[in-house]
Amino acid sequence: MKSHNKSILEPIIPFIEGDGIGPDIWKPAQHVLDQAVKKAYQGTKKIIWKEILAGEKAFKQTGNWLPEETLDEIRRHEIAIKGPLTTPIGGGIRSINVTLRQVLDLYACIRPIRYFGGVPSPLKEPQKLNVMIFRENTEDVYAGIEWASGSPEAEKVRNFLVNEMKAKIRQGSGIGIKPMSPFASKRLVRMAFQYTKTHGRKVVTFVHKGNIMKFTEGAFRQWAYEVATEEFGDATVLESALKDLGGKVPPGKILVNDRIADAMFQMVLLRPEEYSVIVTPNLDGDYLSDACAAQVGGLGMAPGANIGDEAALFEATHGTAPSHAGKDEANPTSLILSGAMMLEHLGWEEAAKLVVQGIERTIEQKTVTYDLERQMSGAKKVGSSEFGENIVTNMG
Ligand code: NAI
């Protein structure tokens, strides 16, 4: 993962406030991040925030949902953080989130998933799950091509596949194709290993459906192992080699294994402590990220980042929750935690730790926003700003 220039003491960081609850959660998020930096570095480091426009606010001010200038600013500073954005309905406008990822080639969707004490979870021991999921962000179904059942295009593709490729496809089928390349798969795996090494994690697991889709998902597995052995061979040991080592991982080595996606859904429930860094294609990662977030009770609190070689975009993973907009009641945790990821990306680990500690203590004290309060017994409901203020008080 490319790290922002660590020598910059006052980096300019562009932010997109977001639509709906965006402004409600951005305000406490910015406050918490600023205070964490101040507490950690006593004024020697500081973020210079620079607002950039996207979504409804951009459309109202410029007539454009995603102005070119916004993209230029993110490219220039190689980093940005954003609240949720409305997906414009109709008018042929694509999701702004997807456009941002594609235009900036943010090829890894990264989701850290861990438990915060006190958060209601459906599991008995939710704290056992602590994984970092690296999900491919540009290919697989994201680059999928589909033709509707009964369309002349589907018929044309079917005729080609049946007549020329000797495939068996029922008449009237809808048809979809998904591409996966060594280039995109390997760069994702590479990023995951770099992260694993710098963060001292111990296990990397490739999750795929290679038993059924051999030349896409199966190939992803093969390419992933190639990166593990050819580029990180000194740092890794394959699970298949463990039997010759008495079943023990040599000290300092990263254990590398792979799991078929359906089995992995059992594993994260039954043996969560055995997994640490997960690398996976787009669709498997889509399901697995949300399932894991639900296990720790934090679907609405999970942070995320979309990272490429040229830029990193940190974001809340939930949407704009329009019915709560402007009421200072939404939960800012997802955006704040994505801000903590951003601080780590800058190399400002001390500040990131303060943010996480502030959140942990605030949730343990049961002074929480409405969404958590209604699921916790004996909790006190507070607004977005007060929740942010409590996090600041609880830091350090
Ligand atoms: P949503 O995430 O906005 O809402 C789902 C449910 O979660 C609602 O009950 C909402 O009230 C609640 N919720 C979400 N965030 C919350 C928070 N921080 N605190 C408390 N409660 C929260 O998803 P929905 O309704 O499907 O989408 C609304 C809009 O958001 C759409 O325009 C959609 O396209 C957009 N969206 C944007 C995303 C992004 O910018 N990354 C991601 C998902 C949706």
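The values are calculated or read from the model by the stated rules, or taken from the named source; none is laboratory data. Bear in mind that the values here come from a model prediction, so they are computed numbers and not experimental data. Heads up, the Cβs are rebuilt from the backbone with ideal geometry, glycines too, and the neighbour counts pull from every protein chain shown.
Name every residue in segment 100-146 that is modelled with pLDDT of 95 or more and at positive phi, in order of residue number.
Selection gives Asp105 alone.
Here are some conditions: (1) in a loop (DSSP other than H, G, I, E, B); (2) surrounded by fewer than 22 Cβ atoms within 10 Å (Cβ to Cβ); (3) modelled with pLDDT under 95. Asp290 meets all but one. Which one does it not meet?
Asp290 satisfies every listed condition except (1).
Pairs, please: C-beta under 7 Å, at least 6 apart or cross-chain, first residue over 14 Å from Phe193 (Cα atoms) and in the same structural domain as Phe220 (by TED's automatic domain parsing) and in segment 237-260, second of a type in the set (Lys, Arg) and part of a loop (DSSP other than H, G, I, E, B)?
If the second residue must be of a type in the set (Lys, Arg) and part of a loop (DSSP other than H, G, I, E, B), the pairs left are Ile260/Lys209.
For the subset of segment 222-239 comprising residues that are in a loop (DSSP other than H, G, I, E, B) and within 26 Å of the chain's Cα centre (by Cα), which member is surrounded by the most Cβ atoms within 10 Å (Cβ to Cβ)? Talk me through it step by step, then tell me what you get.
Step one: list which residues in segment 222-239 are in a loop (DSSP other than H, G, I, E, B), which gives 232-235.
Adding the requirement that they be within 26 Å of the chain's Cα centre (by Cα) leaves 232, 235.
Values: Phe232: 19, Ala235: 15.
That would be Phe232.
Identify the residue in segment 293-319 that is in a loop (DSSP other than H, G, I, E, B) and near the ligand (Cβ under 10 Å from one of its atoms) and, among all such residues, is nearest to Pro14 (Cα to Cα).
Kept after step one, since they are in a loop (DSSP other than H, G, I, E, B), are these residues of segment 293-319: 296-302, 308-311, 317-319.
Subsequent filtering for residues that are near the ligand (Cβ under 10 Å from one of its atoms) retains 299-301, 317-319.
Working: Leu299: 26, Gly300: 24, Met301: 22, Thr317: 18, His318: 20, Gly319: 20 Å.
Among those that are in a loop (DSSP other than H, G, I, E, B) and near the ligand (Cβ under 10 Å from one of its atoms), it is Thr317.
Please go through segment 68-80 and give me each residue that is under 12 Å from Val103 (Cα atoms) and surrounded by 13 or more Cβ atoms within 10 Å (Cβ to Cβ), ordered by number.
Within segment 68-80, the subset under 12 Å from Val103 (Cα atoms) is 68, 70-72, 74-75.
Residues satisfying the conditions are Thr70, Leu71, Ile74, Arg75.
If a residue must be loosely packed, with under 15 Cβ neighbours inside 10 Å, under 28 Å from Asp286 (Cα atoms) and either among the hydrophobic types (A, V, I, L, M, F, W, C) or touching a residue at least 40 places away in the same chain (Cβ under 8 Å) (or both), how many such residues does segment 142-179 contain?
Residues flagged as loosely packed, with under 15 Cβ neighbours inside 10 Å, under 28 Å from Asp286 (Cα atoms) and either among the hydrophobic types (A, V, I, L, M, F, W, C) or touching a residue at least 40 places away in the same chain (Cβ under 8 Å) (or both) within segment 142-179 amount to 5.
Quick one: would you say Ile25 is part of a helix (DSSP H, G or I), of a type outside the set (D, E, K, R), closer than 20 Å to Gly319 by Cα and modelled with pLDDT of 95 or more? It would help to see each step written out before you state the result.
Working: part of a helix (DSSP H, G or I): yes; of a type outside the set (D, E, K, R): yes; closer than 20 Å to Gly319 by Cα: yes; modelled with pLDDT of 95 or more: yes.
In short, yes.
Can you name the condition, by its number, that Gly218 falls short on among (1) in a helix (DSSP H, G or I); (2) within 27 Å of Ala316 (Cα to Cα)?
For Gly218, the failing item is (2).
Please work out which residue is surrounded by the fewest Cβ atoms within 10 Å (Cβ to Cβ), limiting yourself to segment 320-374 and to residues that are within 13 Å of the ligand (Cβ to nearest atom) and β-branched (Val, Ile, Thr).
Thr320
Condition first: under 22 Å from Arg135 (Cα atoms) and in a helix (DSSP H, G or I). Now tell me which residues in segment 240-269 satisfy that.
Here is the first cut: in segment 240-269, the residues under 22 Å from Arg135 (Cα atoms) are 254-269.
The answer is Ala261, Asp262, Ala263, Met264, Phe265, Gln266, Met267, Val268, Leu269.
Would you kindly identify the helices (runs of 4 or more DSSP H) lying entirely within segment 68-179 that contain at least 1 residues that are within 16 Å of the ligand (Cβ to nearest atom)? Talk me through it step by step, then tell me what you get.
Values: elements: 68-77, 96-103, 152-159.
Passing ranges, in order: 68-77, 96-103.
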